[in-house]
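Colleague: Please see the structure below; I have some questions.
The values are calculated or read from the model by the stated rules, or taken from the named source; none is laboratory data. The structure displayed is predicted, hence computed values, not measured ones. Backbone-built Cβ (ideal geometry, glycine too); neighbour counts: all protein chains shown. Remember, those area values only see protein heavy atoms, side chains included, never the ligands or the DNA or RNA. Shrake-Rupley method; radii C 1.70, N 1.55, O 1.52, S 1.80 Å.
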Amino acid sequence: MKLERVIVREVSLPLVHFFETSFGRIHGRRVLLVEVRADGLSGWGECVADDAPGFSYETVDTAWPVLSRFLVPRMLGVRFSRADEYPGRVRSVRGHPMAKAGLEAALWDLQAKAAGIPLWKLLGGRHRPIPCGVSIGIQDRPGILLRKIEQELEAGYQRIKIKIKPGWDVRIVAAVRKRFPRISLMVDANSAYDRTDFDHLAELDRFDLLMMEQPLEYDDVFRHVELQARLRTPICLDESIRHRRDADHAISVGACRIVNIKMGRVGGHTEAKAVHDVCRARGVPVWCGGMLETGIGRAHNVALSTLENFTLPGDVSASRRYFHRDTARPPIEVDADGTITPSLDPGIGYEPDLEWIDRITVRSRAF
Ligand code: OSB
Ligand code: MG
């Protein structure tokens, strides 16, 4: 296939409800959608970089020029047969995994469509229901959080993750546990703590949490080793795992017992598969993280989650939790048992809603 055209669109959507992490509160989402065309087919990907450099140094406004100037030109007009050739072509571009992943995702979708098979199959997954959890942000009051948890449990979600930060942690988790003694519960600190907080974090051990996600700085694997040695609760790393070597190193030194895989954070499906494989070989379970994706990105996450070692419920949930109208059709929905069954259609298995995408596009560039 020869890549004839690449279109990058920035879309902007309000969130149904604000989302707050230890980085701050957001009310809307800007994302880049990447479309690649060849042989009359279109492949779609989503770049998950955010408006602000909180979770990552990347933003929408860094991903745009990196895609335009350095990534798209390396693929345009190129004859390609396999999406996993792409990482080699962009290897000389340092970093910027989210920008890279957006384009790579579109290439995987295109390859799967050209082969007439679902993306999950091309990635090496198995058709099975994907267990889903939800991530619930920091709220103005504990009562609001309890109500939200109740709603999500009623919708069938299999695991609840709550965001924590200093001042919204032990007291809040205690209140949640008191109200919901037996649910599968975990916390995500998004790097909000440091080594002076170990005694405080150890207080969370008594709540029987499924895991504690990324308590310390993204570049501090060393202190995660010390913290994990002190905790009964498994540590799961998110921000710290940038690629397969990070996963290998973190597991080798005992910095975590679980790994969160986000295609955007590690630079694309090829690297995500490699991280998955490293973890599987070491007996470390993984789950698919989320970045408040719209439907296109969510569909990719569903496909990735069909790989064998994705054994824990992911942050792969219904689009309507975040957006009034999705970029994909049908919108990504979760069954009453808290699972998503992957589509059997070719590629990502969902259609981009072009009319809606046009309406929410704030800039676009065709190459
Ligand atoms: O750390 O997992 C995270 C959202 C934005 C940035 C980072 C994270 C998150 C979430 C949301 O927790 C997960 C979702 O998409 O539902
Ligand atoms: Mg996280």
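Colleague: Tell me, in nm to one decimal, what length is gained between residue 12 and residue 203 on full extension, where the rule is 0.36 nm per residue of separation less the Cα-Cα distance? Please list the in-between numbers first.
Modeller: On the way: separation 191, 0.36 × 191 = 68.76 nm, distance 4.01 nm.
Using 0.36 nm per residue and subtracting the Cα-Cα distance, I get 64.7 nm.
Colleague: Need one number: nm distance between label points at residue 82 and residue 344, each 7 Å from Cα along Cα→Cβ, rounded to one decimal.
Modeller: Here the answer is 2.8 nm between the modelled labels.
Colleague: Given a 1.4 Å probe, how much area per residue of the stretch 128-193 is accessible, in Å²? Numbers along the way, then the final one.
Modeller: On the way: 2590 Å² over 66 residues.
Accessible area per residue, the stretch 128-193: 39 Å².
Colleague: Follow-up question, since we're still on this one. Over the chain, what percent of the accessible surface lies on carbon and sulfur atoms, probe 1.4 Å? Provide the component values of the computation, followed by the final result.
Modeller: Details: 7160 of 14670 Å².
Answer for the chain is 49 percent, counting heavy atoms of protein chains only.
Colleague: Mind ordering 342-349, 255-262 by average Cβ neighbours within 10 Å, highest first?
Modeller: Working: 342-349: 20.6, 255-262: 24.2.
Taking the mean over residues of other Cβ atoms within 10 Å, the ranking is 255-262, 342-349.
Colleague: How much length would be gained if the chain were fully extended between residue 115 and residue 25, taking 0.36 nm per residue of separation minus their Cα-Cα distance, in nm to one decimal?
Modeller: Working: separation 90, 0.36 × 90 = 32.40 nm, distance 4.19 nm.
That pair, residue 115 and residue 25, stretches by 28.2 nm at full extension.
Colleague: Which angle from 0 to 90°, rounded to the nearest 10, does the C-alpha axis of helix 244-253 make with the longest principal axis of the chain?
Modeller: With rounding to tens, the tilt is 20 degrees.
Colleague: Let me ask another. Just grab the label-to-label distance for residue 74 and residue 320, each label 7 Å out from Cα along the Cβ direction, in nm (one decimal).
Modeller: Taking the two extended label points, one gets 4.1 nm.
Colleague: Between residue 41 and residue 336, how high is the FRET efficiency from 1/(1 + (r/R0)^6) when r is the Cβ-Cβ distance and R₀ = 41 Å? Nearest 0.05. Walk me through the numbers before you get to the answer.
Modeller: On the way: r = 34 Å, r/R0 = 0.84.
The formula returns an efficiency of 0.75 here.
Colleague: Please give the length that would be gained between residue 282 and residue 171 if that part of the chain were fully extended, namely 0.36 nm times their separation in residues minus their C-alpha to C-alpha distance (nm, one decimal).
Modeller: Numbers: separation 111, 0.36 × 111 = 39.96 nm, distance 3.49 nm.
Here the answer is 36.5 nm.
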